[in-house]
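In what follows, a single structure is set out as structure tokens and then discussed.
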Amino acid sequence: MSHSRWKTMRERKLTDGFIEPADVVEARQEIRLSMALAQAVYDRRTELGLPQTELAARAGLNQARISRIEGSDTVPTLPLLAKLARELDASLNIALDEDETRVAFTPHHSSAA
């Protein structure tokens with residue numbers, strides 16, 4: 001089934017009064033948050049010109065852990081998020097609204113690594 005057909009079927013279900021179960025809605029929100037965090041870590045790391053191995057070394061982790069975070073395969077704990085923010089020389093900002101999730105690292109300094 002092509003993507004455009006799937007989207008049409010999904011839109012049809014939504015307009016015909018189909019309501020997703022609460023657990024599906026919750027899982028979708030968790031995935032969105034995980035992906036937003038993964039993208040923010042990747043964006044800041046590449047903005048600084050750091051390979052995953054360098055960020056891992058700075059944060060006392062291994063490269064595979066950074067890869068799992070950037071691949072949204074795992075969600076880091078708050079202490080690990082704080083460590084990543086410190087090593088990325090930035091503040092981590094997370095905004096959780098009902099319909100929108102925003103995750104961004106705000107650089108402390110204007111100069112890169």
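What follows draws every value from the coordinates through simple rules; no lab data is involved. Everything numeric in this text was worked out from a predicted model, so none of it was measured. Every residue, glycine as well, gets a Cβ built from its backbone with ideal geometry; the counts of neighbours run over all protein chains shown.
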*May I ask you to sort 67, 34 by Cβ crowding, counting other Cβ atoms within 10 Å and putting the fewest first?*
67, 34
*Which FRET efficiency value, to the nearest 0.05, is calculated for residue 43 and residue 11 with the Förster distance at 35 angstrom and r the Cβ-Cβ distance?*
0.70
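Apply 1/(1 + (r/R0)^6) to the Cβ-Cβ distance of residue 89 and residue 29, taking R0 = 25 Å, and write down the FRET efficiency to the nearest 0.05.
0.25
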_Using the Cα centre of segment 21-107 as the reference point, and only Cβ charges (+1 on K/R, -1 on D/E), how large is the resulting charge dipole? Debye, rounded to the nearest 20._
440 debye
*Which three extents, in whole angstrom, do the alpha-carbon atoms of segment 45-101 cover along their principal axes, largest first?*
36, 23, 21
*asked:* Give me a comma-separated list of calculated 3J(HN,Hα) values for segment 94-107, in order, Karplus coefficients 6.51, -1.76, 1.60 applied at θ = phi - 60°, integers in Hz, x for any Gly or Pro.
replied: 10, 10, 10, 10, 4, 9, 9, 10, 10, 10, 8, 9, 9, x
